[in-house]
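The values are calculated or read from the model by the stated rules, or taken from the named source; none is laboratory data. If you're wondering where the values come from, they're calculated on a predicted model, not measured in any experiment. Glycine also receives a Cβ, built like all others from the backbone with ideal geometry; neighbour counts cover every protein chain displayed. For the accessible areas, the whole protein counts, side chains as well, though only heavy atoms, and no ligand, DNA or RNA atoms are used. Shrake-Rupley method; radii C 1.70, N 1.55, O 1.52, S 1.80 Å.
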Amino acid sequence: MTTPLNSILNSSVTSAAALVAEPAAGRGLLRFLTCGSVDDGKSTLIGRLLHDAGLVPDDQLEQARRDSRGRVETEGDIDVSLLVDGLEAEREQGITIDVAHRFFATGRRSFIVADTPGHEQYTRNMATAASTASLAVLLADARKGLLTQTRRHAIVCSLMGIRHVVLAVNKMDLAGGDEAVFSAIARDFQSFAEPLGFRSVTAIPLSARRGDNVVHPSGAMPWYAGPTLLAHLETAEVGDERTADGPLRFLVEWVNRPDPDFRGLSGTVLSGSLEPGDAVTVWPSGRPARIARVLTFEGDAARARTGDAVTVTLEDAVDAGRGDLLSHPGDAPEVADQFAAHLLWMAEDPLMPGRSYLLRAGSRWVPATVTTLRHALNVETLEHTAAQTLELNAVGLCNLSTAAPLAFDPYTANRDTGSFILVDRYTNRTVGAGMIQHPLRRAANLHPQELAVSAAERADLKRQRPAVLWFTGLSGAGKSTVANRVERLLHALGHHTMMLDGDNVRLGLNRDLGFTDADRVENVRRVGEVAKLMTDAGLIVLCAFIAPFRAEREAVRALLPEGAFLEVFVDTPLEECVRRDPKGLYAKARSGALKNFTGVDSPYEPPIAPELRLDTAAEDADALARRVVEELRRRGIAGA
Amino acid sequence: MPTLPDDLRLLEAESIAILREVAAAFTRPVMLYSIGKDSGVLLHLARKAFHPSPIPFPLLHVDTGWKFREMIAFRDETVRRLGLRLLVHRNEDGVARGIDPIRSGSALHTRVMKTEALRQALDRHGFDAAIGGARRDEEKSRAKERVFSVRSAAHSWDPRDQRPEPWRLWNTRLAPGESVRVFPLSNWTEMDVWRYVAAERLPVVPLYFAAERPMVRRSGALIMVDDGRLPLNPGEVPEIMRVRFRTLGCYPLSGAIPSDAATVEDILAEMRASRTSERQGRLIDGDEPASMERKKREGYF
């Protein structure tokens with residue numbers, strides 16, 4: 001164990017005067033979180049900390065005393081966990097679901113503590129709290145030792161960049177205050193945490209229920225000579241969260257244009273500092289510029305330092321906007337459209353490599369795909385395991401590819417410029433939290449080749465407007481049948497077309513893919529890219545694919561110019577498809593001989609607003625094909 | 001440029017970044033202005049965030065008709081002095097139904113004249129982001145609120161299904177009909193607000209400072225007789241007392257505290273010695289268990 005710098009310091013907090021004291025000069029603010037397994041007593045510990053330090057207002061204390069009736073042994077006692085668990089469902093179940101932020105200050109320091117849930121189901125909430133904290137109080141139950149969830153939380157804390165940990169061995173009263181019990185758990189943790197790179201680990205034996213060693217030193221464990229938890233928190237040296245002496249990183253949040261003559265870049269100095277006259281580079285474009293003015297509400301400033309929210313103007317009319325990052329020329333960030341990152345998955349729907357998500361880094365949004373899941377991290381043993389997807393709360397090392405280059409730093413160098421979130425394009429849920437390791441291929445080495453003949457010129461020569469017609473629907477719905485007849489009609493009208501069919505593509509280009517959800521996503525992604533190339537060649541492309549997920553169909557739409565993607569929903573009820581069963585596949589799927597079959601044991605997400613819906617029960621294939629061609633005429637894609 | 005203490009400087013910058021995010025990410029944002037000290041800080045931060053541009057969104061005051069007269073005067077003076085765009089919305093349907101905080105009771109009054117009124121105003125103007133001054137230190141369910149908090153098309157809040165907010169990477173994407181509530185002061189405390197008011201010399205409603213005021217005692221709270229609409233119980237005679245308010249709302253529902261604090265510095269000193277929380281004078285919080293959480297689920301701020 002690392003010995004804390006100031007080992008024994010009794011808490012100075014005994015009076016109500018500390019309730020709202022300003023932080024003492026020099027120590028500033030400490031953001032920390034409490035984590036650990038369910039029932040290890042996290043809420044009780046924070047409640048105890050606030051209560052014993054005299055930081056709970058009388059009216060809230062009285063409320064908690066009333067709410068404690070029936071929950072405590074002695075009438076009039078307080079269940080201190082009630083001081084923090086606030087949601088109705090949490091009180092009903094006696095668990096913490098969501099992060100609660102508490103604010104308190106002692107004579108030495110001010111604190112923001114995040115009380116986080118222990119349930120594995122809510123690990124994402126715990127990770128969220130860890131992302132902005134500089135110290136973690138990790139609880140362990142003295143009777144149970146290190147549980148899976150304790151280890152999981154230690155690993156998540158480490159990944160999130162926390163370098164200082166307090167191992168609070170709780171419920172020592174129930175373990176007889178036994179030093180051997182405490183030492184064994186502390187030793188266990190030390191050997192487990194060795195590879196996690198913590199700079200300090202301080203183990204403290206305590207009882208949150210009784211208050212031993214939380215604020216007041218306990219007589220129950222005379223063998224313990226270290227600090228109480230509060231004394232340690234008040235004095236822990238954790239360093240700055242934002243790096244004042246780091247390289248300049250100025251994030252443009254908003255373009256400030258009060259009148260046509262003024263164009264300011266409003267943003268925050270994430271690290272370093274800047275001054276008027278400084279030469280800077282605008283990323284990711286790499287354009288050089290020079291700072292003209294630094295504006296604040298109070299007037300022009302001589303300098304902006306780490307943490308300042310200011311507006312800068314540039315000397316020349318350099319193109320810079322929201323999401324751009326300014327650095328000094330010698331201290332450039334990485335710029336790449338492919339990079340390796342640790343990804344913590346936060347959604348019930350597993351990660352699909354190949355699926356297009358929206359990535360947010362800084363104030364920039366960009367489509368992104370996990371191209372390779374290199375390994376998943378076993379959060380109990382730290383072992384690397386092979387994986388196809390990441391489930392809720394799993395952590396993996398991934399390669400990602402973004403639709404445009406990003407400027408970033410490795411997460412270990414800067415939490416603000418090295419982090420990102422992934423958002424599901426369809427549900428808008430935040431599904432992943434990422435920490436960038438390093439670029440894979442610098443964007444500077446990759447230039448899109450300027451082509452001599454444009455897509456529009458090729459199309460002009462063919463006297464047609466290229467488009468992708470995407471026929472989606474269940475297996476046996478009649479997609480290929482209708483698409484074939486549409487192509488025949490278009491051909492007769494003199495149009496240049498190409499038909500891409502699910503089975504045919506899987507016999508060639510995509511023969512390495514199976515039928516898992518992840519492989520289906522990749523299948524559609526590749527077909528989308530091929531179809532796009534064919535529209536560049538000037539063709540009208542017909543795709544007949546089940547494409548069961550909306551997200552992938554939308555991703556293909558996003559590849560193409562506005563109006564060039566038509567979703568054609570071949571709407572045949574499942575019962576009808578099963579009745580037809582042209583390839584005998586439904587029979588196989590129902591007998592269990594065929595796994596992951598859409599509509600049977602794999603989901604199908606019907607389109608919500610397709611350009612065309614074809615009702616195969618109402619009309620035959622020829623009539624439907626004529627309707628498709630009519631629609632193409634109406635849109636000016638097919639000629640008269 | 002005045003130098004703020006480092007902790008306030010960082011809180012200020014964090015809030016300013018959030019306000020800019022709202023302006024950049026949403027089509028029709030609005031800032032709720034409730035005239036109190038938190039609203040005053042929020043307004044000041046917005047002026048700083050967009051300077052030299054004016055604040056790029058309007059302010060909205062949901063008026064229950066029962067605010068202290070001094071609050072309304074302060075509001076109108078502030079709007080005039082700063083040249084702000086202010087929308088005032090009152091639930092006329094509630095007025096027509098005769099809803100008031102005394103006869104209807106605080107719970108019904110709050111639901112109709114605040115929650116429903118707010119929903120009406122947001123719907124009428126099609127606002128997709130509403131900025132509020134709520135702080136996590138105020139109340140237990142607010143302690144669990146996100147900075148960017150999504151509301152369904154029906155304005156409801158599901159505390160069990162909130163988006164995780166790692167780092168400062170806000171997920172601002174909305175489905176049609178959804179809106180977001182944004183709380184730039186999430187990480188501020190009551191003490192931070194007053195220290196900031198002192199440091200930036202911000203004007204606040206005089207009701208925050210101690211003065212002689214006509215008061216009556218109602219269910220353990222000190223209620224000010226602000227106008228002739230407060231019915232006096234038999235034998236009840238308003239008493240002149242030296243009091244001030246820690247929070248301001250509808251006057252029949254806002255309890256005062258006896259105090260001699262006549263300046264911001266006095267208030268800071270008084271808070272350091274105080275043993276009660278800011279919201280103890282708020283009658284509406286104690287309506288029922290988990291009262292705030294239920295109000296918030298229905299769309300209360």
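Across the range B:44-62, the qualifying residues are those that are open to solvent by 10 Å² or more (accessible area, probe 1.4 Å) and either in contact (Cβ under 8 Å) with a residue 12 or more places away in the chain or farther than 16 Å from residue A:259 by Cα (or both), and the one among them that is nearest to the other protein chains (Cβ to nearest Cβ) is B:48. The single condition among (1) closer than 25 Å to residue A:557 by Cα; (2) at pLDDT below 95 that residue A:595 does not satisfy is (1). The helices (runs of 4 or more DSSP H) found wholly in the range A:508-596 and carrying at least 1 residues that are within 26 Å of residue A:349 (Cα to Cα) and hydroxyl-bearing (Ser, Thr, Tyr) occupy A:585-591.
Is it fair to say residue A:271 is within 34 Å of the chain's Cα centre (by Cα), more than 11 Å from chain B (Cβ to nearest Cβ) and closer than 30 Å to residue A:332 by Cβ?
Values: within 34 Å of the chain's Cα centre (by Cα): yes; more than 11 Å from chain B (Cβ to nearest Cβ): yes; closer than 30 Å to residue A:332 by Cβ: yes.
Spelling it out, residue A:271 is indeed within 34 Å of the chain's Cα centre (by Cα), more than 11 Å from chain B (Cβ to nearest Cβ) and closer than 30 Å to residue A:332 by Cβ.
Filtered by the rule that a residue be within 23 Å of residue A:623 (Cα to Cα) and of a type in the set (Asp, Glu), the range A:483-515 gives A:487, A:501.
Would a scan of the range A:245-256 turn up a residue that is assigned to a strand (DSSP E or B), within 30 Å of residue A:106 (Cβ to Cβ), more than 14 Å from chain B (Cβ to nearest Cβ) and touching a Ser or Thr at 6+ places or on another chain (Cβ under 8 Å)? No, the range A:245-256 has no match at all.
Only one entry in A:426, A:411 is open to solvent by 10 Å² or more (accessible area, probe 1.4 Å), within 14 Å of chain B (Cβ to nearest Cβ) and in contact with a strand residue (DSSP E or B) (Cβ under 6 Å, 6 or more places away or on another chain), namely A:411. Residue A:311 falls short on exactly one of the conditions (1) part of a loop (DSSP other than H, G, I, E, B); (2) open to solvent by less than 10 Å² (accessible area, probe 1.4 Å); (3) of a type in the set (S, T, N, Q), and that condition is (1).
In the range A:146-166, is there at least one residue being within 17 Å of residue A:40 (Cα to Cα), in contact with a Leu (Cβ under 8 Å, 6 or more places away or on another chain), open to solvent by less than 40 Å² (accessible area, probe 1.4 Å) and modelled with pLDDT of 95 or more? Looking through the range A:146-166, at least one residue is within 17 Å of residue A:40 (Cα to Cα), in contact with a Leu (Cβ under 8 Å, 6 or more places away or on another chain), open to solvent by less than 40 Å² (accessible area, probe 1.4 Å) and modelled with pLDDT of 95 or more.
Only one of the listed residues (B:128, B:158) is in contact with a Phe, Trp or Tyr (Cβ under 7 Å, 6 or more places away or on another chain), charged (D, E, K, R), in contact (Cβ under 8 Å) with a residue 40 or more places away in the chain and not assigned by the TED database to the domain that holds residue B:246. That residue is B:128. For residue B:7, indicate whether it is open to solvent by 20 Å² or more (accessible area, probe 1.4 Å), assigned to a helix (DSSP H, G or I) and more than 11 Å from chain A (Cβ to nearest Cβ). It is false that residue B:7 is open to solvent by 20 Å² or more (accessible area, probe 1.4 Å), assigned to a helix (DSSP H, G or I) and more than 11 Å from chain A (Cβ to nearest Cβ). Within the range A:464-507, which residues are in a loop (DSSP other than H, G, I, E, B) and within 21 Å of residue A:587 (Cα to Cα)? Listed by number, the residues that qualify are A:473, A:474, A:475, A:476, A:477, A:478.
Listed here are the strands (runs of 3 or more DSSP E) enclosed by the range B:66-164 that have at least 2 residues being open to solvent by 10 Å² or more (accessible area, probe 1.4 Å): B:86-89.
Among the residues of the range A:274-303 satisfying the criterion of being assigned to a strand (DSSP E or B), in contact (Cβ under 8 Å) with a residue 40 or more places away in the chain and crowded, with 18+ Cβ neighbours inside 10 Å, which is nearest to the chain's Cα centre (by Cα)? Checked the range A:274-303; the qualifying residue nearest to the chain's Cα centre (by Cα) is A:283. None of A:99, A:72 is at pLDDT 65 or above and either within 9 Å of chain B (Cβ to nearest Cβ) or within 33 Å of the chain's Cα centre (by Cα) (or both) except A:99. Applying the condition of being surrounded by fewer than 20 Cβ atoms within 10 Å (Cβ to Cβ) and charged (D, E, K, R) to the range A:533-570 and asking which residue is farthest from residue A:497 (Cα to Cα) yields A:550. For the range B:15-26, give me each residue that is open to solvent by 20 Å² or more (accessible area, probe 1.4 Å) and either modelled with pLDDT under 95 or within 7 Å of chain A (Cβ to nearest Cβ) (or both). Once the filter is applied, which keeps residues that are open to solvent by 20 Å² or more (accessible area, probe 1.4 Å) and either modelled with pLDDT under 95 or within 7 Å of chain A (Cβ to nearest Cβ) (or both), the range B:15-26 yields B:17, B:23, B:24. For residue A:322, the conditions (1) at the interface with another protein chain (Cβ under 9 Å from one of its Cβ atoms); (2) out of contact with any helix residue (DSSP H, G or I) (no Cβ under 8 Å at 6 or more places or on another chain); (3) modelled with pLDDT of 95 or more all hold with the exception of (2). Restricting attention to the range B:103-120, the residues that are of a type in the set (Gly, Ala, Ser) and without any contact (Cβ under 8 Å) to a residue 24 or more places away in the chain total 2.
Listed by position, the strands (runs of 3 or more DSSP E) contained in the range B:195-279 that have at least 2 residues being without any contact (Cβ under 8 Å) to a residue 40 or more places away in the chain and open to solvent by 30 Å² or more (accessible area, probe 1.4 Å) are B:211-218, B:239-244.
Of the residues in the range A:66-73, not one is of a type in the set (S, T, N, Q) and open to solvent by 40 Å² or more (accessible area, probe 1.4 Å). Based on this model, can you work out whether residue B:226 counts as more than 14 Å from chain A (Cβ to nearest Cβ) and touching a helix residue (DSSP H, G or I) at 6+ places or on another chain (Cβ under 6 Å)? Yes: the conditions hold for residue B:226.
Of all the numbered requirements in (1) within 14 Å of another protein chain (Cβ to nearest Cβ); (2) not in a loop (DSSP other than H, G, I, E, B), residue A:195 misses one, and that requirement is (1). Taking the criterion of being assigned to a helix (DSSP H, G or I) and either farther than 21 Å from residue B:246 by Cβ or open to solvent by less than 20 Å² (accessible area, probe 1.4 Å) (or both), the residues of the range B:27-39 that qualify are B:37, B:39. Going residue by residue through the range A:609-627, is there one that turns out to be assigned by TED's automatic domain parsing to the domain that holds residue A:501 and under 29 Å from the mean Cα position of the chain (by Cα)? Checked against the condition, which is being assigned by TED's automatic domain parsing to the domain that holds residue A:501 and under 29 Å from the mean Cα position of the chain (by Cα), the range A:609-627 yields at least one hit. Listed by first and then second residue, the pairs linking a residue in the range A:497-513 that is at pLDDT below 85 to a residue that is aromatic (Phe, Trp, Tyr), with Cβ atoms under 6 Å apart and 6 or more places separating them unless they lie on different chains, are A:502/A:545. Just for the range B:145-182: of the residues that are among the aromatic types (Phe, Trp, Tyr) and under 25 Å from residue A:417 (Cβ atoms), which one is farthest from the other protein chains (Cβ to nearest Cβ)? The selected residue is B:148.
Of everything listed in (1) open to solvent by 20 Å² or more (accessible area, probe 1.4 Å); (2) touching a residue at least 24 places away in the same chain (Cβ under 8 Å); (3) over 29 Å from residue A:394 (Cβ atoms), the single unmet condition for residue A:231 is (1).
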